[in-house]
Amino acid sequence: MAEPKEYVVRTPLFPSYSDVYKLMDIMAGATTKADFLDFLNTIWDQTGTPQNPVDWSNPDEWIGERLTGSARKLAQRIWDESSNTVNPRHVYGAYLFINTYDLLSPDTSGIYRLSKIGAAFKANDPTVVRKLDEAEGLPKLLTILAAHSPAKRGDLLDEWGEFLLANSKFGTPSTIKDTLRRRIQNLVKRGYISREGNTYTITDKGIAYATDTTTPAAQQPHHLVLSSIKQYNDAQSKALRERLGKMNPYRFEGLIKDLLEAMDYEDVVVTKQSGDKGIDVVAHFQFGITQIKEVVQVKRQQGSITRPIIDQLRGALPYHQAIRGTVITLGRFAKGCEDAALFPGAAPITLIDGDKLMELLLKHGVGVKKRPQTLIEIDETYFAAIENEADIDAAE
């Protein structure tokens, strides 16, 4: 008879492992299950409503104001012993993870003790950590990102949602989004994914971790494909950057115009090559109900941009009746430029260096074409269903 289906992505409010480690240290040997549940229930009773929200951002204030007795002592311990890094209001996800996988187990008196698997997890035992990661769908998420990287969370939702519907008890749009967001945060903190703004890129470490070394050899090509895709994309990104460095400066300004239009700027104009006060592109952006005029200075050079360029751009804003400006370069910005760009009381200047420019071009598909590839896999859920039907028929 076929074994019952084992669901993955089991923990709602999925935590960062650093928070789990800290909470395990605080709970082990000093906290009973009853006390911890009482603490959670006490907080839950005061969570408020969307119409009357409660501010939990400052534990130094709310612990003393809202909690008493053992709940207050436990909250204070969590806050103090985590060096003010774990807000006691938000430990439920870590608590669920600890209990789901028996990382701590109550002894006969109800006090939590470190279990064998908990000790291995805290020691970062690769076999145990991998097992828990697989139970929470993390390697699968990495393989999805590898095929789209760099990507926004929304680019991953369809495939992640299909995976959840087939392998977990989560299936509503809100839970699909939340499980994805929390697991991406976990992987970012561990270095498997890098984040720039709202864009996520799988790292070499992430590619390696997505490859399960215990997978039978016949299935290894799937992971080799992911690695090959990343290597190919990295090579194409390098080639694109070299191509941009050889472009005619005026044509390069036209590329920036195309990028801004792809980013939903309107009325984007490349200025004349003289008499523009150093401004290369003028554009408008709708911010809420307000339309903002922005001027852009474009530097194709590969070297460093210095502070006088920032000052020159800011000085040109009144001439163009603009309230903010941007400097875009293939190179980088010298020390002091960032402070100058955000100088108190002065008009803000956005700095986009070569790395950020490449990210924007790739994200918005300017100068590159994205060619989606289809990978076919055996549908294990289909065959499991057939086996279950056969078992039922045989039993009858």
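Pick out the one residue from Leu317, Leu260, Leu330, Leu255 that is over 19 Å from Leu360 (Cα atoms) and at pLDDT 90 or above. One residue alone meets the criteria, Leu317. Contact map, the stretch 308-328: first residue in contact (Cβ under 8 Å) with a residue 12 or more places away in the chain, second residue of a type in the set (Asp, Glu), Cβ cut-off under 7 Å, separation 6 or more or different chains; pairs are Ala322/Glu294; Arg324/Glu294; Gly325/Glu294; Thr326/Glu294.
If we scan the stretch 317-329, do we find a residue that is among the small types (Gly, Ala, Ser) and either open to solvent by 60 Å² or more (accessible area, probe 1.4 Å) or more than 19 Å from Glu266 (Cα to Cα) (or both)? Within the stretch 317-329, not a single residue is among the small types (Gly, Ala, Ser) and either open to solvent by 60 Å² or more (accessible area, probe 1.4 Å) or more than 19 Å from Glu266 (Cα to Cα) (or both). Among the numbered conditions (1) surrounded by 15 or more Cβ atoms within 10 Å (Cβ to Cβ); (2) at pLDDT below 90, the only one that Arg241 does not meet is (2). When the stretch 127-184 is examined, which residues are found to be out of contact with any Pro (no Cβ under 9 Å at 6 or more places or on another chain) and of a type in the set (Val, Ile, Thr)? Once the filter is applied, which keeps residues that are out of contact with any Pro (no Cβ under 9 Å at 6 or more places or on another chain) and of a type in the set (Val, Ile, Thr), the stretch 127-184 yields Thr127, Val128, Val129, Thr143, Ile144, Thr172, Ile176, Ile184.
Against the definition (among the aliphatic types (A, V, I, L, M) and either within 30 Å of Ser194 (Cα to Cα) or open to solvent by 20 Å² or more (accessible area, probe 1.4 Å) (or both)), how does Leu96 come out, yes or no? So Leu96 passes the test. Applying the set (1) in contact with a Lys or Arg (Cβ under 6 Å, 6 or more places away or on another chain); (2) of a type in the set (A, V, I, L, M); (3) farther than 25 Å from Thr199 by Cα to Leu317 leaves exactly one unmet item: (1). Candidates Val296, Val268, Val282: the one that is touching a Lys or Arg at 6+ places or on another chain (Cβ under 8 Å), touching a residue at least 40 places away in the same chain (Cβ under 8 Å) and open to solvent by less than 70 Å² (accessible area, probe 1.4 Å) is Val282.
Among the residues of the stretch 13-31, those that are farther than 13 Å from Ala119 by Cβ, open to solvent by less than 10 Å² (accessible area, probe 1.4 Å) and over 19 Å from the mean Cα position of the chain (by Cα) comprise Leu23, Ile26, Met27, Thr31. Please identify the pairs in which a residue from the stretch 342-353 that is farther than 12 Å from Val295 by Cα has its Cβ atom under 9 Å from the Cβ atom of a residue that is among the polar types (S, T, N, Q) and surrounded by 12 or more Cβ atoms within 10 Å (Cβ to Cβ), counting only partners at least 6 apart or on another chain. Pairs found: Leu351/Thr326; Leu351/Thr329; Ile352/Thr326; Ile352/Thr329; Asp353/Thr329. For the condition surrounded by fewer than 15 Cβ atoms within 10 Å (Cβ to Cβ), assigned to a helix (DSSP H, G or I) and at pLDDT 85 or above, Arg181 qualifies.
Which residues, counting only those in the stretch 141-175, are assigned to a helix (DSSP H, G or I), in contact (Cβ under 8 Å) with a residue 24 or more places away in the chain and among the charged types (D, E, K, R)?
Answer for the stretch 141-175, where residues must be assigned to a helix (DSSP H, G or I), in contact (Cβ under 8 Å) with a residue 24 or more places away in the chain and among the charged types (D, E, K, R): just Arg153.
Being at pLDDT below 90, outside any helix (DSSP H, G or I) and at positive phi, is that true of even one residue in the stretch 293-309? For the stretch 293-309, residues at pLDDT below 90, outside any helix (DSSP H, G or I) and at positive phi: absent.
The values are calculated or read from the model by the stated rules, or taken from the named source; none is laboratory data. The model shown is predicted, which means the values in this text are computed figures rather than measured ones. For neighbour counting, all protein chains shown are included, and Cβ atoms are generated from backbone atoms with ideal geometry for every residue, glycine included. For accessibility, only protein heavy atoms count, side chains too; no ligands or nucleic acids. Shrake-Rupley method; radii C 1.70, N 1.55, O 1.52, S 1.80 Å.
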